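Let me begin by presenting the structure, written as C-alpha cells, before commenting on it.
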Amino acid sequence: MLIESGSPVAADTRVEISLTINGEARQLQVAPWTTLLDLLREQLDLTGTKKGCDHGQCGACTVLVNGTRVNSCLALAVMKDGAEITTVEGLAKLSGGNGLHPLQEAFVAHDAFQCGYCTPGQLCSAAGVLSEGHAKSRDEIREAMSGNICRCGAYTNIVDAIEDVMQSGAQG
C-alpha cells in the first residue's frame, strides 16, 4: 500500500484496497482520508450504516471488522485493507439463513427501536457483544452496549432483545 511507503501522498492520489464486504470481495480505489463509513455509504451505497455524530461517540456507524465492533466514522478505509466488513445489510448472512438475523428478529419482537436511526449500529454492536461472549447478565449487556446511544430511549427493549438471543443461543 502506498501509505506505508512513508512518502507524501498527493491530494488526488487514490489507493487500491481489498475488502470483503458482507461476503463479497471487492477491489476499491479510495482517497487516503476516506473513512470506512463514507466508503460504505457514499461509494458502495450501503446506507444502512448511519452517520450520527461523526466523532465515534454515538455508535450509529458501528460495523463489524473481522468480527470486532468498530466505529466506522473513526476508521480510515485504507487501514482496513484486507479486512472482512459486516454491515447491517449483511448481518443475516452471519446466521447462515435467508431471513433476518436472530438479533433482528428479537429487535422486532421486543419493539427495540422507535425512530430506528440507531438500530443498524445497535444490531452490529449487539452481534459483536454476543460473539465476544463477555456479557452474561443484563448489567453486562448494558455496559457492553454503552457506546451505542439511542436518543429515543429504547434501551430496556434493546437489552431485552439481546438477552433473549443470548439465552436462546441463536447468535448467528
DSSP bridge orientation in the stretch 15-91 - percent antiparallel, rounded to nearest 5: 90
Distance from the stretch 13-34 to the stretch 75-136 (C-alpha centre basis), Å: 21
Leaving ligands, DNA and RNA out of it, report the carbon-plus-sulfur percent of the accessible area of the stretch 34-121 at a 1.4 Å probe. 47
Val30 accessible area, 1.4 Å probe, all protein chains in place, Å² to nearest 10: 0
Which entry in (i) 1.14; (ii) 1.07; (iii) 0.99 is this structure's computed Cα Rg over 2.2 N^0.38 Å? (ii)
Can you find, among Gly121, Gly97, Ala25, the residue sitting farthest towards the positive end of the charge dipole of the chain, where Lys and Arg contribute +1 and Asp and Glu -1 at Cβ? Gly121
Scoring only Lys, Arg, Asp and Glu (+1, +1, -1, -1) among other residues with Cβ under 14 Å from the Cβ of Gly121 yields +3
Leaving out ligands and nucleic acids, note down the accessible area per residue over the chain with a 1.4 angstrom probe, in whole Å². 50
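The values are calculated or read from the model by the stated rules, or taken from the named source; none is laboratory data. These figures come from a predicted structure and were not determined experimentally. FYI the Cβ positions are ideal-geometry reconstructions off the backbone, even for glycines, and counts take in every protein chain you see. Heavy atoms of the whole protein, side chains included, go into the accessibility calculation; ligands, DNA and RNA do not. Shrake-Rupley method; radii C 1.70, N 1.55, O 1.52, S 1.80 Å.
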